[in-house]
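Peer 1: Pasting in a structure now, in structure tokens, and then I'll have a few things to ask.
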Amino acid sequence: MFKPGELWPDTHGTPINAHGGGILFHGGTYWWFGEHKIEGEAGNRAHVGFHVYASENLVDWRDEGIALAVDDSPGSEIPGGCVMERPKVIHCPATGKFVMWFHLEPKGGGYSGARCAVAIADTPAGPYRYLHSLRPNAGVWPENVAEEDKRPLSAEEAAHLESLALGGAPFPWYPKHLCYRRDHEGGQMSRDMTLFVDDDGSAYHIHAAENNGTLHISLLADDFTTPAGRYVRVMPGRFHEAPALMKWNGRYFLFSSDCTGWSPNPTRLSVADSIWGPWEELGNPCIGNGAQMANSFESQPTFILPVPGKQDAFIYMADRWRPRNAIDGRHLWLPIVFKHGCPVIEWHDQWDLGVFDV
Ligand code: DGJ
């Protein structure tokens, strides 16, 4: 049974510690990667690394240890106390490697670094070897802007943007067409993120860019360790984070949240016929009473898991964050159901995979 929001013990009885996570299905086993949190507010930063668990049935999870550990050696980009969030792992057929991407904030910089980082391993559980961090698509213009908008900022525009002292939250005068031009040379910002592998084997990095104002969808290179140099801006100025992507009946559905820090907010569902867009925002996929819809059952999306071997079976994986005592954050999984051609989520106190058989 899945019991959304309750403590979820691993096979040794210890609560699963894999927040902001994602799942790789490989070799008949599910591999769940997530942020290992420690107690207190300190747990909002990385002190251990990313935990990995394995399961054959999605309910009983074996602790497989730390897949990528913080590293305090000189020159390390992932020392204890940095921010490492939302790890996602995919398998690369071209190289045979398992490739992990995550959100990295260098130690001491708050969330201003806005970088993504990559680590690889020869086996699903790792340990993973840290490769590099980057800001995606340096020197590359997005594909879906007009030719005349592919230009660096003027000095006046740059000064205006600087004066706004942008953070990561929405506000009315957010200049939605300036940030990608500011970041063209040095690379686009990358905070909350996910990975998605399409039916044709192409892999994509979906990340909150432009001070969280706009999502970017970037194609990955064949070895999945760098961007390939093709990307689009998605829903400029709408401030989506926590992206999680699924494909159903040939259409792409994006679950995401508003930008309200650790506090839950109404989830958003968007749809597109091509991953390159255009994307249309549909509304809140959480169906329930007012409070449940306003806070998405007290959750923020992290991943959508297609259940192999079952028709139309997808699991909404989300976090119920507890920023004052990060280790107490809860995992909240709910089955996705389809209504009027759209994936939606309803509350269940408990459920099992049998819901997909009816
Ligand atoms: C919301 C994000 O979704 C989380 O991953 C984390 O970055 C928090 N914001 C930090 O406030």
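The values are calculated or read from the model by the stated rules, or taken from the named source; none is laboratory data. Keep in mind it's a predicted model, so treat the numbers as computed, not measured. Cβ placement follows ideal geometry from the backbone for every residue including glycine, while neighbour counts extend to all protein chains displayed. The accessibility values were calculated without ligands, DNA or RNA, using every heavy atom of the protein model including side chains. Shrake-Rupley method; radii C 1.70, N 1.55, O 1.52, S 1.80 Å.
Peer 1: Can you name the residue in region 134-173 that is open to solvent by less than 60 Å² (accessible area, probe 1.4 Å) and farther than 18 Å from residue 185 by Cβ and, of all such residues, is nearest to the ligand (Cβ to nearest atom)?
Peer 2: Restricting to residues being open to solvent by less than 60 Å² (accessible area, probe 1.4 Å) and farther than 18 Å from residue 185 by Cβ, the top hit is 168.
Peer 1: Can you name the number of the only condition in (1) under 28 Å from residue 32 (Cβ atoms); (2) in contact (Cβ under 8 Å) with a residue 24 or more places away in the chain that residue 129 fails?
Peer 2: Condition not satisfied by residue 129: (2).
Peer 1: In region 161-190, how many are more than 17 Å from residue 236 (Cβ to Cβ) and not small (Gly, Ala, Ser)?
Peer 2: So the answer is 2.
Peer 1: Show the residue pairs that are 6+ apart or on different chains and have beta-carbon atoms under 8 Å apart, the first residue being within region 74-91 and open to solvent by 20 Å² or more (accessible area, probe 1.4 Å), the second being within 16 Å of the ligand (Cβ to nearest atom) and not in a strand (DSSP E or B).
Peer 2: Once the first residue is open to solvent by 20 Å² or more (accessible area, probe 1.4 Å) and sits in region 74-91, its partners that are within 16 Å of the ligand (Cβ to nearest atom) and not in a strand (DSSP E or B) give 77/106; 79/107.
Peer 1: While we're here: How about region 112-126: which of its residues are of a type in the set (D, E, K, R) and in a strand (DSSP E or B)?
Peer 2: Within region 112-126, 115 is the sole residue that qualifies.
Peer 1: Does residue 8 satisfy the criteria of being closer than 22 Å to residue 355 by Cα and under 17 Å from the mean Cα position of the chain (by Cα)?
Peer 2: It is false that residue 8 is closer than 22 Å to residue 355 by Cα and under 17 Å from the mean Cα position of the chain (by Cα).
Peer 1: In region 196-210, which residue that is in a strand (DSSP E or B) and in contact with a Leu (Cβ under 8 Å, 6 or more places away or on another chain) is nearest to the ligand (Cβ to nearest atom)?
Peer 2: 208
Peer 1: Looking at 104, 58, 68, which one is surrounded by 16 or more Cβ atoms within 10 Å (Cβ to Cβ) and either in a loop (DSSP other than H, G, I, E, B) or of a type in the set (S, T, N, Q) (or both)?
Peer 2: Sole residue among the options that is surrounded by 16 or more Cβ atoms within 10 Å (Cβ to Cβ) and either in a loop (DSSP other than H, G, I, E, B) or of a type in the set (S, T, N, Q) (or both): 58.
Peer 1: Sticking with this structure for a sec: Out of 42, 18, I need the residue that is under 22 Å from the mean Cα position of the chain (by Cα), farther than 24 Å from residue 101 by Cβ, within 16 Å of the ligand (Cβ to nearest atom) and of a type in the set (A, V, I, L, M). Which one?
Peer 2: Residue meeting the stated conditions: 42.
Peer 1: Something else now. Could you list, in sequence order, all residues of region 239-258 that are within 16 Å of the ligand (Cβ to nearest atom), touching an Asp or Glu at 6+ places or on another chain (Cβ under 7 Å) and open to solvent by 10 Å² or more (accessible area, probe 1.4 Å)?
Peer 2: 241
Peer 1: Would you point out the residue of region 96-107, among those that are over 15 Å from residue 207 (Cβ atoms) and within 16 Å of the ligand (Cβ to nearest atom), that is farthest from the chain's Cα centre (by Cα)?
Peer 2: 107
Peer 1: Within region 181-190, track down each residue that is crowded, with 24+ Cβ neighbours inside 10 Å and either in contact with a Phe, Trp or Tyr (Cβ under 8 Å, 6 or more places away or on another chain) or modelled with pLDDT under 95 (or both).
Peer 2: Within region 181-190, just 188 meets the criteria.
Peer 1: Conditions first: (1) at pLDDT 95 or above; (2) touching a Gly at 6+ places or on another chain (Cβ under 9 Å); (3) open to solvent by less than 40 Å² (accessible area, probe 1.4 Å); (4) not in a strand (DSSP E or B). Residue 236 passes all but one, so which condition is the exception?
Peer 2: Tallying (1) at pLDDT 95 or above; (2) touching a Gly at 6+ places or on another chain (Cβ under 9 Å); (3) open to solvent by less than 40 Å² (accessible area, probe 1.4 Å); (4) not in a strand (DSSP E or B), residue 236 fails exactly one: (3).
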